[in-house]
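Report on the following structure.
The values are calculated or read from the model by the stated rules, or taken from the named source; none is laboratory data. Quantities reported herein were computed from a predicted structural model and do not represent experimental measurements. Positions of Cβ are backbone-derived with ideal geometry, glycine not excepted, and every protein chain shown enters the neighbour counts. Protein only, heavy atoms only, side chains kept; ligands, DNA and RNA dropped before computing areas. Shrake-Rupley method; radii C 1.70, N 1.55, O 1.52, S 1.80 Å.
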Amino acid sequence: MLRVSILLCLLSPTLFCYGASNQSEEWWRDTFIYQIYPRSFKDSNGDGIGDLNGITSKLEHLADIGVSALWISPIYKSPMVDFGYDIANFTDIDPVFGNFTDFAKLVAKAKTLGVKVLLDFVPNHSSDKHPWFLKSIQKIKPYDEYYIWKDAKMLNGTRRPPNNWLSIFQGSAWQWNDQRKQYYLHQFAVGQPDLNYRNPALCEEMKNVLRFWLRLGLDGFRIDTIPNLVEDNRFLDEPRLPNTGLPDTDPNTLQHIYTVDQNETYDVLKTWREVLDETKGTKKLFLTEAYTDLQHLVKFYKYGSNIPFNFMFMGDLNNRSSTVDFKRAMDKYLNAIPPGETPNWVVGNHDQNRISWRFGVRRSDWLSMIAAVLPGVGVIYNGDEIGMENRPLSYAETVDPAGCNAGPNRYTLYSRDPARTPFQWDNTTSAGFSTSNKTWLPVNSNYKTLNLQAQKRVLNSHYNIFKKLVQLKKNPIVKEGSTEIIIVQSVLGVVRRLPGRNPIVLLLSLNIGNTVTDVSAWMNIPDRMTVYAADAGSGITPGSSVNLTRFNIPGSASIIFV
Ligand code: GLC
């Protein structure tokens, strides 16, 4: 079969072949992975904040939808400036989430349910309350060099930061410390000082952090913001981009040539891969978070990432994209995947607006369908499987530092709170998330109708569609077939083929109105096929057999045929 696929690849430049894998130990291949934002998943003790016991109580949901693994955003001890991404102890659990006994119960139950457990590894920075930082301020060895400290630049007798670098959360990336009489680098919040990977002792510490959690039975990690890990050590100003129209404090005014994607970052990743490979048992997984160009993205495979997140649905593509934009981005991406590696499709995460906000409510199932039909791994964010929507918040309600720092006029551009509201389990108090009426972020008022329990009762709900998509990933055609991305007028088509079998076909309409066309001729597929799944708004019934020689594709529809 593989030989035939290779032949097909050679025949047409639009074909992508995803090698039939003999890497059976790579359990994540052709599966969906599920991200849990722990503050918002399930609250077990009524304090309005989600916790580990809450997650454990809902693990059946993950087994039910059929995901292979859950990745939990940070649960470590934290002052919560960035809601857990500011870590005061890399090897302790914050009491708001629970303790090690709770964690052990979670891991044990997940194992019995056949769901792997991954944690977030946040290596770029710690909290400014981390004992290492407190000792670094006092220049106590070896901690004095654990962070990036620089002298001030004096201009006409005034103290200035060492260069023009800007924080991703707005304003200078340098903060003066009056005790040490130096500036420290923070590429995120002031409370998140950057760690110094040019210091060997720090590098060892972070490897030990990985070892600590691996001993507790983890199956891998998602590595946070890896491109920011190492900075150019000449500390030169970054070039200013012309005519952005943005305030000078906005990081998008600079071309980040010295603070991201440095060669040394990849070398550090390699050392972490070695740590994972030291560990016996199931093969360990690294997912890496990098909003970067394709060239830098695929380089992560070579240095030990199994899944360098593909964020095309969060950057290049949105509800203004054309079919050509989609086809070009997908082809380019698939063509860039090194032989034998796994592509991936990130549907949502805690840093991005909900899918319906990015692509429109009618298109809430689009991305999961793409992730299911195209080769490789799908990564979804809690709530994506029920089509949860953004809950807009006022500036006063905003708690995310990225939103708060942008100020009342610009916070909606940056705040991530609207996509972080509590999971909508049912139509009871606080959507079944908490027994308390007061939750850390407000529950979206649409929970009365948009919730998991209600969707279980509806045949063509997001939930039921998602379950079918997870099953589809196991189909040999999806696993091993060739891939073609075809434009059918303004409809985007994907065909997966294995010789001797009916293909699997995905249609996504970018049109508002109907498109009547001979899909069968355009895509070289059978005249009649069966609808495997279709978004509820399309009015198309799953299981029905349809004539594709003159098929009416409703506007915004997403349909899979088998
Ligand atoms: C990553 C996380 C984000 C966090 C940032 C700093 O981008 O996904 O939530 O704020 O890193 O750790």
Which of the residues that make up the stretch 190-200 are more than 25 Å from residue 284 (Cα to Cα) and within 16 Å of the ligand (Cβ to nearest atom)? 190, 191, 192, 193, 194
Just wondering, is there one or more residues in the stretch 201-209 that are within 16 Å of the ligand (Cβ to nearest atom) and either surrounded by 16 or more Cβ atoms within 10 Å (Cβ to Cβ) or within 26 Å of the chain's Cα centre (by Cα) (or both)? yes
Counted residues in the stretch 297-318 being surrounded by 17 or more Cβ atoms within 10 Å (Cβ to Cβ), in contact (Cβ under 8 Å) with a residue 40 or more places away in the chain and under 29 Å from residue 413 (Cβ atoms) come to 5
Only residues in the stretch 244-256 that are free of Cβ contacts under 8 Å to residues at least 24 places away in the same chain count as the first member; pair them with residues that are assigned to a helix (DSSP H, G or I) and surrounded by fewer than 17 Cβ atoms within 10 Å (Cβ to Cβ), Cβ under 8 angstrom, at least 6 apart or cross-chain, and list the lot. 244/252; 246/252
In the stretch 392-410, which residues are of a type in the set (A, V, I, L, M) and away from the ligand (no atom under 12 Å from the Cβ)? 393, 396, 399, 406
Cβ contacts < 6 Å: first residue at positive phi and in the same structural domain as residue 299 (by TED's automatic domain parsing), restricted to the stretch 223-243; second residue near the ligand (Cβ under 10 Å from one of its atoms) and acidic (Asp, Glu), any location; separation 6+ or different chain. Result? 225/289
Checking residue 402 against (1) surrounded by fewer than 24 Cβ atoms within 10 Å (Cβ to Cβ); (2) out of contact with any Lys or Arg (no Cβ under 7 Å at 6 or more places or on another chain); (3) closer than 13 Å to residue 352 by Cα, only one condition comes out false. Which one? (2)
Where in the stretch 53-142 are there helices (runs of 4 or more DSSP H), lying fully within it, with 1 or more residues that are touching a Phe, Trp or Tyr at 6+ places or on another chain (Cβ under 7 Å) and surrounded by fewer than 23 Cβ atoms within 10 Å (Cβ to Cβ)? 59-65, 131-137
Residue selected from the stretch 210-237 under the condition open to solvent by 10 Å² or more (accessible area, probe 1.4 Å) and hydrophobic (A, V, I, L, M, F, W, C), by the criterion nearest to the ligand (Cβ to nearest atom): 212
Note: among 510, 506, just one is modelled with pLDDT under 95, of a type outside the set (D, E, K, R), within 30 Å of the chain's Cα centre (by Cα) and closer than 19 Å to residue 374 by Cβ, namely 510
Exactly one of 353, 409 is closer than 30 Å to residue 453 by Cβ and surrounded by fewer than 20 Cβ atoms within 10 Å (Cβ to Cβ), and that residue is 353
Filter the stretch 258-282 down to the residues that are under 21 Å from the mean Cα position of the chain (by Cα) and assigned to a loop (DSSP other than H, G, I, E, B) and list them by number. 260, 261
Residue satisfying condition, being part of a helix (DSSP H, G or I) and either modelled with pLDDT under 95 or open to solvent by 40 Å² or more (accessible area, probe 1.4 Å) (or both), within set 431, 454, 521: 521
Residue pairs within 6 Å by beta carbon, gap of at least six or interchain, first lying in the stretch 333-348 and open to solvent by less than 40 Å² (accessible area, probe 1.4 Å), second among the acidic types (Asp, Glu), listed first then second, are 347/384; 348/384
Single residue of the stretch 143-183 satisfying the filter (of a type in the set (Val, Ile, Thr) and in contact (Cβ under 8 Å) with a residue 12 or more places away in the chain) that is most open to solvent (accessible area, probe 1.4 Å): 168
Residues located in the stretch 75-96, provided they are of a type outside the set (Phe, Trp, Tyr), within 10 Å of the ligand (Cβ to nearest atom) and out of contact with any strand residue (DSSP E or B) (no Cβ under 6 Å at 6 or more places or on another chain): 81, 82, 84, 86
Do the conditions hold for residue 392, that is, is it open to solvent by 30 Å² or more (accessible area, probe 1.4 Å), out of contact with any helix residue (DSSP H, G or I) (no Cβ under 7 Å at 6 or more places or on another chain) and part of a loop (DSSP other than H, G, I, E, B)? no
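Residue-by-condition table, conditions (1) modelled with pLDDT under 95; (2) surrounded by 18 or more Cβ atoms within 10 Å (Cβ to Cβ); (3) assigned to a helix (DSSP H, G or I):
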{"residue": "470", "(1), (2), (3)": "no, yes, yes"}
{"residue": "496", "(1), (2), (3)": "no, yes, no"}
{"residue": "499", "(1), (2), (3)": "no, no, no"}
{"residue": "531", "(1), (2), (3)": "no, no, no"}
Filter the stretch 98-131 down to the residues that are within 16 Å of the ligand (Cβ to nearest atom) and of a type in the set (Phe, Trp, Tyr) and list them by number. 121
